[in-house]
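K.L.:
Following this message is one structure expressed as structure tokens.
What follows draws every value from the coordinates through simple rules; no lab data is involved. What you are looking at is a predicted structure, and each value in this text was computed from that prediction instead of being measured. For neighbour counting, all protein chains shown are included, and Cβ atoms are generated from backbone atoms with ideal geometry for every residue, glycine included.
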Amino acid sequence: MADWNEAWTSEQWRADASQWIDLVLMTYELTRTGEPQQTLNDIFSTQIAVPTDHGKLFFKANNPGQYAEVSVTSVAANLAPDQLVMPLAIEPQRGWMISPDYGETLRALPTTDYKLWARILREFAKVQRSLVDFGETLFDAGLLHLDPAWLPHYIDEQLMLHASMPREHALHLPARDAEELDAQLGEVKGMCEFLAAGPIPLSLEHNDLHRGNAFLPTTPDEPLRFMDLGDAYWAHPFASLGTPVRVMCEELDTTPNDPRIRSAITSYLEQWTDYSTVDELWAYVEPALRAGKLQQHAMAMRVLAGASESDLRRHAGLALQPLAELAQPVFTD
């Protein structure tokens, strides 16, 4: 168990968190109506539900590699207040935030209709469009940048890092495997350069966009509200299609070439047509999905940097699997 997981279950940590929660409630003149309940404790975060006289609040504490989520969420929500979770309070030095209850997420809907995914992608594209001019602002809040132009160097650097780790290390990559993978990645490096030279500006790349991270609207006309920016980067926005494509394939028991999935992606691309036509934008989807594997790898390395040996063994795939998948096409002809 990681050090932070052990801390999150200690009496001292719970007393500190409870004291901070009570301070926030006092600031907003809210009254706690029951004991806070710890609802999650995994390597990424712990979450506590706090019942109050004005509804439930949700406290979240991040692992050290994702402390910046609280500041990034706060700043981004001020830039897109109708479509992102707005924390009531944050404690950046400890990676804490407390947020209102926005209700059920879209995961509660008993449907696998691809049209729901089309709406998710369409509306998240609008969030990305609204943020394209605020890269420096979000960087100052702690959002890390992964420009596609840097990714060819990142690939070389990370393959060398994994190959140089001790053989017994959970993240070790045998030299032969690293060499074989490197030999296959020339095409991916070219894709990253293609993205960097393309017309689409960098924006918020969610890196974990699924139905559980979007709230059910309360009226038909209300926009979707998104949460959970712990995995996010400032990167090529189309990489945010990665998780939706994977989950749609699972839900629909199909492949990325399925016309329903392509239709949902087209709904997303239609939000960017002032930069190019939909047909031309499709050329950037496969490269962005491959680049997204590197964002997934970078996120995992941040989280695992302080993990225990047992957690490293348990979660090594979070870092190694995206590297292994880099050379594999998402779409097939």
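K.L.:
Take each uninterrupted DSSP H stretch in the chain, measure its Cα extent along the helix axis, and return the ones at 20 Å or beyond whose mean Kyte-Doolittle hydropathy is at least -1.0.
P.N.:
In the chain, the long hydrophobic H runs are 11-27, 114-131, 285-304.
K.L.:
Using per-residue counts of other Cβ atoms within 10 Å, averaged over each peptide, order 313-320, 227-234 from highest down.
P.N.:
Ranking the peptides 313-320, 227-234 by packing returns 227-234, 313-320.
K.L.:
Got a sec? Charge dipole of segment 3-100, +1 on Cβ for Lys and Arg, -1 for Asp and Glu; which of Ala49, Val75, Met26 is way out at the positive end?
P.N.:
Farthest along the dipole direction, towards plus: Val75.
K.L.:
Ranked highest first by the average count of other Cβ atoms within 10 Å around their residues, in what order do 17-24, 94-101 fall?
P.N.:
Top to bottom by mean Cβ count within 10 Å: 94-101, 17-24.
K.L.:
Determine, for each peptide in 107-118, 240-251, the mean count of other beta carbons within 10 angstrom over its residues, then list the peptides with the highest first.
P.N.:
By packing density, highest mean first, the sequence is 240-251, 107-118.
K.L.:
Okay, next question. When a/c reaches 1.5 or more, the comparison of a/b and b/c decides; with that in mind, is segment 153-234 rounded, prolate or oblate per its Cα gyration tensor?
P.N.:
oblate
K.L.:
Can you give the helix-only mean residue ellipticity at 222 nm for the chain, where every DSSP H stretch with n ≥ 4 adds -39500 (n - 2.57) and the sum goes over all residues, rounded to the nearest 500 deg cm²/dmol?
P.N.:
About -14500 deg cm²/dmol.
K.L.:
Pop the C-beta distance of Glu168 and Thr218 into the FRET formula with R0 = 51 Å and round what comes out to the nearest 0.05.
P.N.:
E between Glu168 and Thr218, to the nearest 0.05, is 0.45.
K.L.:
What would the Debye equation give as log₁₀ I(q)/I(0) for segment 204-308 at q = 0.14, 0.20 Å⁻¹, counting only Cα atoms as equal point scatterers?
P.N.:
Those come out to -0.63, -1.18, one per q.
K.L.:
Can you divide the C-alpha Rg of segment 254-333 by 2.2 N^0.38 Å and report the result to two decimal places?
P.N.:
Rg over 2.2 N^0.38 Å, computed on Cα atoms: 1.41.
K.L.:
Moving on. Using the Cα gyration tensor of segment 55-205, with a ≥ b ≥ c the square roots of its eigenvalues, what is the shape: rounded (a/c below 1.5), prolate (a/b larger than b/c) or oblate (neither)?
P.N.:
Taking the square roots of the gyration eigenvalues as a ≥ b ≥ c, segment 55-205 is prolate.
K.L.:
Hey, another quick one. I want to verify a result. In a Gaussian network model of the chain, Cα cutoff 10 Å, which of these has the top mean-square fluctuation: Thr219, Thr266, Thr31?
P.N.:
Comparing Thr219, Thr266, Thr31 in a Gaussian network model of the chain, the most mobile one is Thr219.
K.L.:
Sort Asp182, Asp208 by Cβ crowding within 10 Å, fewest neighbours at the top.
P.N.:
Ranking Asp182, Asp208 by Cβ neighbours within 10 Å, fewest first, gives Asp182, Asp208.
K.L.:
What's the extension gain from Gln93 to Ala175 if we count 0.36 nm per residue and subtract their Cα-Cα distance?
P.N.:
25.7 nm
K.L.:
List every residue whose amide H lies under 5 Å from the amide H of Ala2, counting only residues 5 or more places away in sequence or on a different chain, with H placed 1.01 Å from N in the peptide plane.
P.N.:
Ser308
K.L.:
Something else: Please work out which option in (i) 38; (ii) 33; (iii) 54 gives percent of Cα pairs over 30 Å apart calculated from these coordinates, and answer with its label.
P.N.:
Of the listed options (i) 38; (ii) 33; (iii) 54, (i) comes from this structure.
K.L.:
Is there a quick way to get the dipole size of the chain? I mean about its Cα centre, with the Cβ of Lys and Arg at +1 and of Asp and Glu at -1; what is the value in debye to the nearest 20?
P.N.:
The dipole of the chain has a size of about 360 debye.
K.L.:
Could I ask something else about it? As a footprinting exposure proxy, order His172, His206 by other Cβ within 10 Å, with the fewest listed first.
P.N.:
His172, His206
K.L.:
Taking the chain as a Gaussian network, Cα atoms linked when under 10 Å apart, which of Asn213, Asn78, Asn62 shows the biggest mean-square fluctuation?
P.N.:
Of Asn213, Asn78, Asn62, the Gaussian network model singles out Asn78 as fluctuating most.
K.L.:
When only C-alpha pairs under 8 Å and at least 6 residues apart count, what is the relative contact order of the chain, in percent?
P.N.:
Over the chain, the number comes to 19 percent.
K.L.:
Now for a separate question. Based on the Cβ-Cβ distance from Asp113 to His145, what FRET efficiency comes out when R0 is 51 Å, to the nearest 0.05?
P.N.:
0.90
K.L.:
Further question on the same structure: Work out the P(r) tail for segment 3-100: percent of alpha carbon pairs separated by more than 22 Å, whole number.
P.N.:
Of all Cα-Cα distances in segment 3-100, 26 percent exceed 22 Å.
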